[in-house]
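Each remark here refers to the structure printed beneath this line.
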Amino acid sequence: MKLKIKKGDTVQVISGAEKGKKGVVLAVNPTDLKIKVEGVKVMTHFDKKEGQLEAEGFFPYSKVKLVEKVAAEKKKAAKKKTSSKNA
């Protein structure tokens with residue numbers, strides 16, 4: 001299954017405890033249909049050596065909507081630069 005949301009895109013949470021938060025997609029897991037969004041579902045873990053650590057957890061793909069598609073724009077800009085150098 002091909003997902004519309006990719007790494008680097010900006011999304012907004014549409015349901016759940018984190019409703020209304022916006023963030024950039026850090027990772028995508030297409031087999032489980034889950035994504036990791038910056039600032040959403042922040043979990044803490046205490047380690048004896050490193051102290052308290054905070055990291056984002058995976059969040060269901062169906063609970064977010066796409067706000068801005070950044071990855072496609074970067075690819076298009078890169079293609080334009082390379083084609084103008086060749087000409």
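The values are calculated or read from the model by the stated rules, or taken from the named source; none is laboratory data. In this text the structure is predicted, and so the values were computed from the model without any measurement. Reconstructed Cβ throughout: ideal geometry from the backbone, glycine too, with neighbour counts over all protein chains shown.
Just checking, does region 75-87 include any residue being outside any strand (DSSP E or B) and modelled with pLDDT of 90 or more? Lay out the reasoning, then the answer.
Start the filter on region 75-87 by keeping residues that are outside any strand (DSSP E or B), which leaves 75-87.
Okay, now just the ones that are also modelled with pLDDT of 90 or more, so none.
Looking through region 75-87, none of the residues is outside any strand (DSSP E or B) and modelled with pLDDT of 90 or more.
I want to confirm something. Restricting to region 18-44 and keeping residues that are part of a loop (DSSP other than H, G, I, E, B) and closer than 14 Å to Gly57 by Cα, which single residue is modelled with the lowest pLDDT?
For region 18-44, the residue satisfying everything is Glu18.
Is it true that Lys63 is surrounded by 12 or more Cβ atoms within 10 Å (Cβ to Cβ) and farther than 18 Å from Lys6 by Cβ?
no
Do the conditions hold for Gly8, that is, is it of a type in the set (Gly, Ala, Ser), at pLDDT below 95, assigned to a loop (DSSP other than H, G, I, E, B) and surrounded by 14 or more Cβ atoms within 10 Å (Cβ to Cβ)? Don't jump to the end; show me each part of the working.
Numbers: of a type in the set (Gly, Ala, Ser): yes; at pLDDT below 95: yes; assigned to a loop (DSSP other than H, G, I, E, B): yes; surrounded by 14 or more Cβ atoms within 10 Å (Cβ to Cβ): yes.
So Gly8 fits the description; yes.
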